[in-house]
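The values are calculated or read from the model by the stated rules, or taken from the named source; none is laboratory data. What you see is a predicted model, and the numbers here were worked out from it, not measured in a lab. FYI the Cβ positions are ideal-geometry reconstructions off the backbone, even for glycines, and counts take in every protein chain you see. Heavy atoms of the whole protein, side chains included, go into the accessibility calculation; ligands, DNA and RNA do not. Shrake-Rupley method; radii C 1.70, N 1.55, O 1.52, S 1.80 Å.
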Amino acid sequence: MGIISQLGAELGAVLATLFGALPYILGYVLLILAFSFIWQAVKRFLTPKADYGSLKTVTFGDESAVTSNSVASVVSIVLIFVLWGAFTGSKLLPSFMHAPGAFTGEGSFTYTVTTPDGQSDDATVSVIVFETGAPVDAPDVDPGEGFAKNDSIALAAYRSALLRVDENDEIGRAEEATVTAINGEAIEPGGSVSTDFGRVELSGKGTPNVYPSKGIQMEPIWLPAPEAVWSRLTEIATEGYRNSTLAEHLGFSLFRVIVGFILGAIVGIPLGYAMGLSNWFRGWFDPIVEFMRPVPPLALIPLVIIWAGIGEVGKIILLFLAALWIMAIAARSGVSGVRISKVHAAYSLGASKWQIMRYVIIPNSLPEIFTGARVAMGVCWGTVVAAELVAAEKGAGMMIMVASKFQSTDIVLMGIILIGVIGFSIDMLMRWAERWLVPWKGKG
């Protein structure tokens, strides 16, 4: 029952987070639909009615009918950066586009202290909330004349702080005096009262806890602004990170991924062909491939370390295993997907088995192999971060993991963006190679 209750509590926290993010998700979806509607209206105005694409009524199964809309791609990327800047208070955007941020500045609240014999007195607390990284001392205030003395507190934005009001009061907790009201509103331990700067909550022991409003912007330690990430990128590009330049870090990661992928393709493609053409090889290797396919590469890290150590060999073996099974399955699917009518036609024209392999099997399986290669490269890029966890001195994954230990979120984001850009560039290069090497894809 303890485990079930713990899982229930964690699930409740996850659902609460999702429901909290739901308005932003819906807003993003509405923006997508709005831009789509606007673009369709513009397109109908600009596109000639005699255009061949506009005359198509059936798009399912027609690969030429649905292509990536470059305008939607540009708007999507720009919108992501605008939302990023809006929820981080980026200086790249005008202030009216910023989401409400955390409160900074001055505020105050009044608390009421009541003694056991019924005496009451009010005191005012001056609150100063400063921006993170720019600390300000609490100001000196006139204590006043009653037994409850005025006080002050300074705290950083996004933070909260307990204020022991009885430390300077003449009658405090030792005399069983308690805080009974905030800004004239009755309060009990565990309750809270809204103020002009946020809210004041009374702890279980009756101590006011000051909570300045956090707004809906992200705290820089969790999500820095785009210009902060760019500044970190230029700094590391010129000065390096942990005794290595940025080019060296990215170069080592790229080298490991490419070598691991190539080795996986060299072994996986012939294995897939053998499984697709031979019952014996299919029966022999199919259980092995299907057993290893769902095993994530991360689960193999301890075994790879035991077998190959913590050097470069172990990292490349891990990436090799990440690509091997994907390439084998892609090649096997490519061979199995060749239309039997093409094979029969080749046989009827007097082709030998090797000619059928050369002119029928291989050309018709290449589209599946290229698709598998793109998937395998993506998996390798995702695995390289884990591969560089183990005693790596250089690499984008090493940068991300080391930076995360010191909560350097700007470096983490920079590494993620660079890995994504390089991975996307490789995918585009592979698509171009596929169009050049396999021009018959999708043409029957």
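Restricting the search to region 211-249, which residues are open to solvent by less than 60 Å² (accessible area, probe 1.4 Å) and among the acidic types (Asp, Glu)?
Hits for region 211-249 are Glu219, Glu227.
Within region 415-423, identify whether any single residue is closer than 21 Å to Arg293 by Cβ and among the hydrophobic types (A, V, I, L, M, F, W, C), and answer yes or no. Walk me through it before giving the result.
Here is the first cut: in region 415-423, the ones closer than 21 Å to Arg293 by Cβ are none.
Checked region 415-423: no residue is closer than 21 Å to Arg293 by Cβ and among the hydrophobic types (A, V, I, L, M, F, W, C).
Could we say that Ile310 is in a loop (DSSP other than H, G, I, E, B), under 23 Å from Ile262 (Cβ atoms) and either modelled with pLDDT under 85 or open to solvent by 10 Å² or more (accessible area, probe 1.4 Å) (or both) here? First the steps, then the outcome.
Values: in a loop (DSSP other than H, G, I, E, B): yes; under 23 Å from Ile262 (Cβ atoms): yes; either modelled with pLDDT under 85 or open to solvent by 10 Å² or more (accessible area, probe 1.4 Å) (or both): yes.
Against the criterion (in a loop (DSSP other than H, G, I, E, B), under 23 Å from Ile262 (Cβ atoms) and either modelled with pLDDT under 85 or open to solvent by 10 Å² or more (accessible area, probe 1.4 Å) (or both)), Ile310 qualifies.
In this structure, does Ala346 turn out to be open to solvent by less than 40 Å² (accessible area, probe 1.4 Å) and either among the acidic types (Asp, Glu) or more than 33 Å from the chain's Cα centre (by Cα) (or both)?
Answer is yes for this residue.
I'm trying to understand the selection: among the residues of region 88-104, which are open to solvent by less than 30 Å² (accessible area, probe 1.4 Å) and within 14 Å of Gly215 (Cβ to Cβ)?
Thr88, Gly89, Ala99, Ala102 - these are the residues of region 88-104 that are open to solvent by less than 30 Å² (accessible area, probe 1.4 Å) and within 14 Å of Gly215 (Cβ to Cβ).
Could you say which residue among Ile356, Ile305, Ile329 is in contact with a helix residue (DSSP H, G or I) (Cβ under 7 Å, 6 or more places away or on another chain), assigned to a helix (DSSP H, G or I), under 30 Å from Lys394 (Cβ atoms) and among the β-branched types (Val, Ile, Thr)?
Working: Ile356 fails: under 30 Å from Lys394 (Cβ atoms); Ile329 fails: under 30 Å from Lys394 (Cβ atoms).
Just one listed residue meets the conditions, Ile305.
Examine region 215-225 for a residue that is touching an Asp or Glu at 6+ places or on another chain (Cβ under 7 Å) and at pLDDT 90 or above, and state whether such a residue exists. Break it down stepwise before answering.
The first filter runs over region 215-225 and keeps only residues touching an Asp or Glu at 6+ places or on another chain (Cβ under 7 Å), leaving 224.
Filter once more, so that each one left must be at pLDDT 90 or above: 224.
Scanning region 215-225 turns up at least one residue that is touching an Asp or Glu at 6+ places or on another chain (Cβ under 7 Å) and at pLDDT 90 or above.
How about region 205-263: which of its residues are in a loop (DSSP other than H, G, I, E, B), closer than 30 Å to Val375 by Cα and in contact with a Leu (Cβ under 9 Å, 6 or more places away or on another chain)?
Once the filter is applied, which keeps residues that are in a loop (DSSP other than H, G, I, E, B), closer than 30 Å to Val375 by Cα and in contact with a Leu (Cβ under 9 Å, 6 or more places away or on another chain), region 205-263 yields only Leu223.
At pLDDT 85 or above and not in a helix (DSSP H, G or I): does that describe Val295?
Values: at pLDDT 85 or above: yes; not in a helix (DSSP H, G or I): yes.
For Val295, the condition - at pLDDT 85 or above and not in a helix (DSSP H, G or I) - is met.
Given (1) surrounded by fewer than 19 Cβ atoms within 10 Å (Cβ to Cβ); (2) assigned to a strand (DSSP E or B), where does Thr112 come up short, assuming only one miss?
Only one criterion is unmet by Thr112, namely (1).
For region 94-123, enumerate the residues that are among the β-branched types (Val, Ile, Thr) and over 44 Å from the mean Cα position of the chain (by Cα). Steps first, please.
Within region 94-123, the subset among the β-branched types (Val, Ile, Thr) is 104, 110, 112-115.
The answer is Thr112, Val113, Thr114, Thr115.
Could you look through region 155-203, keep only residues that are within 24 Å of Gln119 (Cβ to Cβ), open to solvent by 80 Å² or more (accessible area, probe 1.4 Å) and of a type in the set (A, V, I, L, M), and pick out the one that is farthest from the chain's Cα centre (by Cα)?
Result: Ala174.
Closer than 27 Å to Arg374 by Cβ, of a type outside the set (Ser, Thr, Tyr) and under 28 Å from the mean Cα position of the chain (by Cα): which single residue out of Ile288, Ile362, Ile266, Ile326 fits that description?
When all the criteria are applied, what remains is Ile326.
Does Gly85 qualify as being in contact with a helix residue (DSSP H, G or I) (Cβ under 6 Å, 6 or more places away or on another chain), surrounded by 13 or more Cβ atoms within 10 Å (Cβ to Cβ), not in a loop (DSSP other than H, G, I, E, B) and not hydrophobic (A, V, I, L, M, F, W, C)? Working first, answer last.
Numbers: in contact with a helix residue (DSSP H, G or I) (Cβ under 6 Å, 6 or more places away or on another chain): yes; surrounded by 13 or more Cβ atoms within 10 Å (Cβ to Cβ): yes; not in a loop (DSSP other than H, G, I, E, B): yes; not hydrophobic (A, V, I, L, M, F, W, C): yes.
Taking the combined requirement at face value, the residue satisfies it.
Identify, from the list Phe285, Phe320, the residue that is touching a residue at least 60 places away in the same chain (Cβ under 8 Å) and either at positive phi or aromatic (Phe, Trp, Tyr) (or both).
Numbers: Phe285 fails: touching a residue at least 60 places away in the same chain (Cβ under 8 Å).
Answer to the selection: Phe320.
In region 357-412, what residues are open to solvent by 40 Å² or more (accessible area, probe 1.4 Å), of a type in the set (A, V, I, L, M, F, W, C) and touching a Pro at 6+ places or on another chain (Cβ under 9 Å)?
Val379
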